[in-house]
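Following: one structure in structure tokens, then a few remarks.
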């Protein structure tokens, strides 16, 4: 009898708790679909709880202890879901600090790069599906790839003609003109991008042939913002 009374009390408490959590201004959710989903969830939870209580072979104190634990976990999940945007912002900040070259989405169509320890901005760029780390260089007239990065992106460097000059922040360099099928940084994608391949650089540059396609880019003291 005690077990049945405990079951009834527990079921009533759980039902009231769920209705209270999802209520707003005296109305439980808004649509008939939401009502049906709520009823289904309550019936399922009540069925599971009834099965657990009726088959429980421990003491009432043990049952109460486990109930408190599960209720605490439930509220922790609700709390985590309620503050998911804040947690996401913290996670974005952490990953940006760990890997400044990993572009972080801060708004629809807007990315942010953090400044690296050497004072420069770098970006992990997908060139024809291959990830290449590039130095963000607004002083470079075009996106510029080193020969090794160009080969990694599927470009046959043996047949290139190095008959053009590109401007970089460190001066001019001879290069070969190519067209990249696709350049992707996070959610920002550009196709048929004019690019140069040079033999005189070890690294690659993200230059103005990419930046000029953006609606806006802004470099501040510790971050570089890219807006599609």
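Key figures
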quantity	calculated
Net length gained if the chain between residue 138 and residue 98 were fully extended (0.36 nm per residue, minus Cα distance)	12.0 nm
Sorted peptide list for 150-162, 191-203, criterion being average Cβ within 10 angstrom, highest first	191-203, 150-162
Label-to-label distance, nm, for residues given as residue 221 and residue 79 (7 Å Cα→Cβ offset)	3.5 nm
Net lengthening on full extension, residue 228/residue 172 (0.36 nm per residue, minus Cα-Cα)	17.3 nm
Projected label distance in nm at residue 213 and residue 191, using a 7 Å step from Cα toward the beta-carbon	1.0 nm
Length added when fully stretched, residue 116-residue 71, from 0.36 nm per residue minus Cα-Cα	11.8 nm
Cα pair count fraction exceeding 20 Å, expressed as % - region 132-198	24 percent
Label-point gap, in nm, between residue 179 and residue 59 - each point 7 angstrom along Cα→Cβ	8.1 nm
Once the Cα gyration tensor of region 100-227 is diagonalised, semi-axes √(5λ) in Å	24, 15, 13
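Bear in mind these aren't lab numbers, they're just calculated from the coordinates by the rules spelled out. The model shown is predicted, which means the values in this text are computed figures rather than measured ones. Note that each Cβ is placed from the backbone with ideal geometry, even for glycine, and that neighbours are counted across all protein chains shown.
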